[in-house]
Amino acid sequence: MEKSIISFEDFQKVDIRVGTILEAIDFEKAKVPAYQLLVDFGPLGTRKSSAQITSLYTKEELIGKKVLAVINFAPKQIANFMSECLVLGVQNGKEVVLLHPSDRVGNGTQVL
């Protein structure tokens, strides 16, 4: 299903940045299995995120992985955890495949 048309100015309001996952721990209180992630955005600092990606990724393989994330959403309370960014992925059936840059780019680099 296609979504409604938005203006380029609307798209420009979304701040998507490259970050590196520093930490991934089990999110025990999540209703759906998830990890609590700590993502490094370089000069923009670190942000926390909850991600339902446990079926495709182990905690160990997430450490050091480059990801794309929206960093300008308002923080969202999920159980006892405050999510500060949205790590982006593609829904593939019931699984989520993380989006990531194909080449080496620095943490905090903006997606244009």
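At 222 nm, what value in deg cm²/dmol follows for the chain if DSSP H runs of at least 4 each add -39500 (n - 2.57) and the sum is divided by all its residues, to the nearest 500? Before the final figure, lay out each step's value.
Values: 2 runs with 9 residues, N = 112.
After summing the helix terms and dividing by residue count, I get -1500 deg cm²/dmol.
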Among Gly45, Gly64, Gly93, residue whose mean-square fluctuation peaks in a GNM of the chain (springs only between Cα atoms under 10 Å): Gly93
Would you mind finding the longest exposed-site-free stretch of the chain, with exposed trypsin sites (Lys or Arg not before Pro) meaning DSSP loop and at most 12 other Cβ atoms within 10 Å? 32-93
Excluding residues on the same chain fewer than 8 positions from Lys59, give the lysines whose Cα lies under 30 Å from its Cα. Lys29, Lys31, Lys48, Lys76, Lys94
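How long are the three semi-axes of the equivalent ellipsoid of the chain, in whole Å, if each is the root of 5 times an eigenvalue of the C-alpha gyration tensor, listed from largest down?
Equivalent ellipsoid of the chain: 22, 18, 15 Å, largest first.
Loop sites only, by DSSP: take the GluC sites (Glu not before Pro) in the chain that have at most 16 other C-beta atoms within 10 Å and name the longest stretch containing none of them.
Details: sites that count: Glu2, Glu28.
Result, exposed sites excluded: 29-112.
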Just how large is the dipole of segment 14-98 about the Cα centre, in debye to the nearest 20, putting +1 at every Lys and Arg Cβ and -1 at every Asp and Glu Cβ? 200
Rounded to whole Hz, the Karplus (6.51, -1.76, 1.60) HN-Hα couplings of segment 100-106, x for glycine and proline: 8, x, 7, 10, 6, 9, x
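A short reminder: the numbers here are calculations on the coordinates, not readings from a lab. Treat the numbers as computed from the prediction; the structure is a model and nothing was measured. Don't worry about glycine lacking a Cβ; one is built from the backbone with ideal geometry, like all the others, and counts go over all protein chains shown.
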